[in-house]
Amino acid sequence: MSGPRGYRVAVLAGDGIGPEVVAEARKAAEAAGARFGFGLDWVDYDLGADRYLRTGEVLPDGVLAELREADAILLGAVGRPDVPPGVLERGLLLRLRFELDLYVNLRPVKLYPGVSSPLADVKPDDIDLLVVRENTEGVYVGAGGTVHRGGPAEAATETSIETRAGVERCLRFAAAKARERAGRLTLVHKANVLVHAGDLWQRAARAVADEAGVALDYTHADAACLYLVSDPQRFDVIVTDNLFGDILTDLGAAIAGGLGTAASANLNPEGGPGGLKERSGSPPVHRSPSLFEPVHGSAPDIAGTGRANPVAAVLSASLLLDHLGEREAAAAVEAGAVAALPGAAGYSTQALGDRIATAVAGGGSPN
Ligand code: IPM
Ligand code: MN
């Protein structure tokens, strides 16, 4: 069905609560497709803990090649206690981020009406920022090693690699987002200690912000944690390195009421509208599909209980539709999810998903 107003979406539902929340995200996106006149062709991929334990496979090359042809990828969650840490995280999720060159991890931090923040006296409008996390470099590259393992002289290195090109392309994306919003870009790093990488980020950020005409300021990562809690309004768009972004966005999710509503987009912005490959005309351009996932993990403790909040997955589907160029549909899915939030705790995963899908289909609120 790939083609004008038809999109092929690869689904990696994964482990734990992944399949449960992804099912509800699909319902919401389907409802939007029916309402706004486009089709979604979902292709399920059996990847994750079960496949690994059954076959030893994490991401076979043939599957990766198929995923490259999708218009977008929707991922639930990967990881389970019976699989050693890192196997699925590195072998599946990080491999996809690297192989598909998904160099931006876009994570909105937004407090929605009806959701309570652990911060005192904050109203929904007080927490509304975007974190642009660099997604293909830093310590995540896996450069390093261990020597004399297990002995008294054991040593381990984990080298952080930052490139001018890698930093710059991430900064450009962030600056463009800042221009669409309040025009305020904050670089978060730890330039007082990580003097080499910090200097690279700071010089590149200055050049990109000047070029884009946005105001730039700088905050150390530790101070950024403090300000996220004490004064979240000071931020509009935060741009930061991979590891700082990982940590800051869990804190961001916490101040916005928890992981239940935290969505993310792993983007290859050059994928163009929809990350679609050129299907006619020449020359053919190699483009990568982008990947959308809730920030939460597989939560094996509540898997199968119907207690998982599907909203983060639904909001990730909204980001996916937006990336495909289906802006109205994306807005309707977001609105449906947001309208269902007050009192959401009283509903099962499926009941909440049904309410959201009904709201998206009818254009009304589920209440
Ligand atoms: C995230 C996760 C991943 C990360 C893990 C699962 C590899 O924590 O998406 O934030 O560290 O990026
Ligand atoms: Mn994380």
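Just so it is clear, none of the values below were taken in a lab; they were calculated from the coordinates. Keep in mind it's a predicted model, so treat the numbers as computed, not measured. Note: ideal-geometry Cβ built from the backbone for every residue, glycine included; neighbour counts use all protein chains shown.
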Worksheet item: Can you give the longest stretch of the chain with no exposed loop site, where a site means trypsin sites (Lys or Arg not before Pro) in a DSSP loop (not H, G, I, E or B) with at most 15 other C-beta atoms within 10 Å?
Response: 6-148
Fill in: Extension reserve of the Asp210-Asn192 stretch, reckoned as 0.36 nm per residue once the Cα distance is removed
4.2 nm
Fill in: Under 5 Å, built H, 5+ apart or other chain: amide partners of Leu130
Val109, Val237, Ile238
Worksheet entry | Top of Ala32, Ala312, Ala165 by mean-square fluctuation, Gaussian network on the chain, Cα under 10 Å | Ala165
Worksheet, complete the sentence: Mean separation of Cα contacts under 8 Å (at least 6 apart) over the residue count of the chain, i.e. the relative contact order in percent, is 24
Worksheet item: What residues have an amide H closer than 5 Å to that of Trp42, excluding those fewer than 5 places away on the same chain, when H is modeled at 1.01 Å from N in the peptide plane?
Response: Val9
Response to the item:
Taking placed amide H atoms and a strict 5 Å upper bound, the residues 5 or more places from Asp217 or on another chain that come that close are Leu185, Thr186, Leu187
Item to complete: May I ask you to derive the relative contact order of the range 117-256, considering only C-alpha pairs under 8 Å and at least 6 residues apart, and to give it as an integer percent?
Response: 36
Worksheet item: By its C-alpha gyration tensor, with a ≥ b ≥ c as the square roots of the eigenvalues, how is the range 204-358 shaped: rounded for a/c under 1.5, else prolate for a/b larger than b/c, else oblate?
Response: oblate
Discussion item. Starting from 0.36 nm per residue, how many nanometres of slack lie between Ala345 and Ala165 once their C-alpha separation is accounted for?
Written reply: 60.4 nm
Discussion item. Just to check I understand the Karplus step: with θ = phi - 60° and J = 6.51 cos²θ - 1.76 cosθ + 1.60, what whole-Hz values come out for the range 240-250, glycine and proline as x?
Written reply: 7, 6, 4, 6, 4, x, 4, 6, 4, 7, 5
Discussion item. Charges on Cβ only, +1 for Lys and Arg, -1 for Asp and Glu, centred on the Cα centroid of the chain; of Tyr140, Ala212, Leu291, which one is farthest towards the dipole's positive end?
Written reply: Ala212
Worksheet, complete the sentence: Rounded to the nearest 0.05, FRET efficiency between Glu180 and His148 (Cβ-Cβ, R0 45 Å) equals 0.30
Worksheet item: Counting pairs of Cα atoms in the chain, how many percent are more than 30 Å apart?
Response: 38
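Count the lysine pairs in the chain that are 8 or more places apart or on different chains: how many have C-alpha atoms under 25 angstrom apart?
The result is 7.
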Worksheet, complete the sentence: GNM of the chain, Cα pairs under 10 angstrom: of Ala332, Ala340, Ala34, the biggest fluctuation goes to Ala34
Worksheet item: ³J(HN,Hα) across the range 329-339 via Karplus (A = 6.51, B = -1.76, C = 1.60, θ = phi - 60°), whole Hz, x for Gly/Pro?
Response: 5, 4, 5, 5, 5, 4, 4, x, 5, 5, 5
